[in-house]
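S.K.: The structure that follows is given in the form of structure tokens.
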Amino acid sequence: MANFETGKAYCNADQAIQVDLVYDDWAELRLEVDLDAQEADFYYDNVFLSTQPAPSIAGVDIWPDEDIVGVYFDDFRFEPAE
């Protein structure tokens with residue numbers, strides 16, 4: 001989802017939609033899941049990146065890869081759609 005060499009965030013393997021990574025400030029990473037439609041919309045800093053298949057939610061992995069020094073989460077939550 002991020003390429004730190006180019007400074008871009010993306011979602012799809014083809015990286016069709018890219019947005020600049022935010023450094024030294026908060027950036028919202030949002031995933032809106034529609035379980036009825038079995039789809040999830042991915043957003044980074046309020047920019048839509050992609051719609052991906054999402055047949056269910058079995059778990060959430062919020063741990064970064066080994067090359068990430070630190071990740072901070074604020075207001076992490078699950079909530080029903082309005």
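S.K.: Full extension from D61 to A37: what is 0.36 nm times the residue separation minus their Cα-Cα distance, to one decimal in nm? Intermediate values should be presented prior to the final figure.
M.R.: Working: separation 24, 0.36 × 24 = 8.64 nm, distance 2.23 nm.
Difference between extended and current length: 6.4 nm.
S.K.: Mind checking the dipole of region 36-82: about its Cα centre, +1 per Lys or Arg Cβ, -1 per Asp or Glu Cβ, Debye to the nearest 20?
M.R.: Working: 1 positive and 12 negative charges, 19 e Å.
That gives a dipole near 100 debye.
S.K.: ³J(HN,Hα) across region 34-51 via Karplus (A = 6.51, B = -1.76, C = 1.60, θ = phi - 60°), whole Hz, x for Gly/Pro?
M.R.: 10, 5, 5, 7, 6, 9, 9, 9, 9, 10, 10, 6, 6, 10, 5, 9, 5, 10
S.K.: In vacuum, with every alpha carbon of the chain counted as one equal point scatterer, what does the Debye formula give for log10 I(q)/I(0) at q = 0.15 Å⁻¹? Two decimals, please.
M.R.: One equal scatterer on each Cα of the chain leads to -0.62.
Laboratory data are not the source of any read-out in this text; all were calculated from the coordinates shown. The structure presented is a predicted model; accordingly, all values stated were derived computationally and were not measured. Because the Cβ atoms are built from the backbone with ideal geometry, glycine has one as well, and the counts that use them run over all protein chains shown.
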